[in-house]
Amino acid sequence: FSALYGVGYVIVRYRKNGVLKRLSATPLTRLEFLLAQLASRWWIILATGTLVFAVLNTMFHFQMHGSWLALLLVYALGVFSLISLGLIIASRLATEEVADGILNLLSWPMMFLSEIWFSLDGAHPVVKWLSQLFPLTHVTSAARAIMLDGTGIVQVLPQVATLVAMGLVFLAVGAWLFRWGQK
């Protein structure tokens with residue numbers, strides 16, 4: 001969730017402190033700014049997440065039946081999608097408090113419905129359908145399939161394609177909604 005909160009707080013703080021207003025005077029477009037934010041956060045989160053995973057794997061020896069490269073790809077696309085979702089939240093807000101509330105309002109249902117803590121096998125079909133709207137659901141199902149079932153990237157291609165599509169749509173919406181100033 002550093003993908004959501006990391007980009008959300010920083011851009012809102014930039015807006016609040018007037019940094020974005022100064023950047024609006026440059027030839028930098030909204031999309032270029034958001035792509036730069038996405039790329040910088042993506043590399044940081046990918047590096048730190050991979051390091052944490054590697055250290056914990058040496059300590060706990062996670063069960064892994066699939067490809068490490070496929071798992072890394074799913075993780076990278078999940079981070080891309082979640083950062084892009086965070087950009088939508090940060091595109092208009094003026095205070096960190098409001099950003100925190102909206103990010104919490106988004107992240108808690110995402111955690112509950114993404115089958116991280118419990119299965120949705122017996123859940124109502126509407127709940128299962130709602131879970132598919134969150135990127136974390138697709139990251140979780142693809143990662144479990146790779147790690148536990150030994151499936152390859154071809155078998156998790158629907159989740160991969162969904163993460164790419166979500167990330168691109170979220171990025172486009174974030175660029176469309178983005179404003180430099182508070183008004």
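The values are calculated or read from the model by the stated rules, or taken from the named source; none is laboratory data. If you're wondering where the values come from, they're calculated on a predicted model, not measured in any experiment. Please note: Cβ atoms are built from the backbone with ideal geometry, for glycine as well, and neighbour counts cover all protein chains shown. Side chains are part of the model used for accessible areas, which takes the heavy atoms of the whole protein and leaves out ligands, DNA and RNA. Shrake-Rupley method; radii C 1.70, N 1.55, O 1.52, S 1.80 Å.
Taking into account only those residues within segment 165-183 that are part of a loop (DSSP other than H, G, I, E, B) and open to solvent by less than 50 Å² (accessible area, probe 1.4 Å), which is farthest from Thr26 (Cα to Cα)?
Only one residue fits best here, namely Phe178.
Could you say whether any residue in segment 143-153 is over 19 Å from the mean Cα position of the chain (by Cα) and either over 30 Å from Trp68 (Cβ atoms) or of a type in the set (Ser, Thr, Tyr) (or both)?
yes
Filter the helices (runs of 4 or more DSSP H) completely within segment 46-164 down to those with at least 3 residues that are at pLDDT 95 or above and crowded, with 19+ Cβ neighbours inside 10 Å.
68-90, 135-149
Looking at Arg30, is it open to solvent by 80 Å² or more (accessible area, probe 1.4 Å), touching a residue at least 24 places away in the same chain (Cβ under 8 Å) and in contact with a helix residue (DSSP H, G or I) (Cβ under 7 Å, 6 or more places away or on another chain)?
Against the criterion (open to solvent by 80 Å² or more (accessible area, probe 1.4 Å), touching a residue at least 24 places away in the same chain (Cβ under 8 Å) and in contact with a helix residue (DSSP H, G or I) (Cβ under 7 Å, 6 or more places away or on another chain)), Arg30 qualifies.
Can Ala36 be described as under 16 Å from Gly174 (Cα atoms) and either surrounded by fewer than 18 Cβ atoms within 10 Å (Cβ to Cβ) or hydroxyl-bearing (Ser, Thr, Tyr) (or both)?
yes
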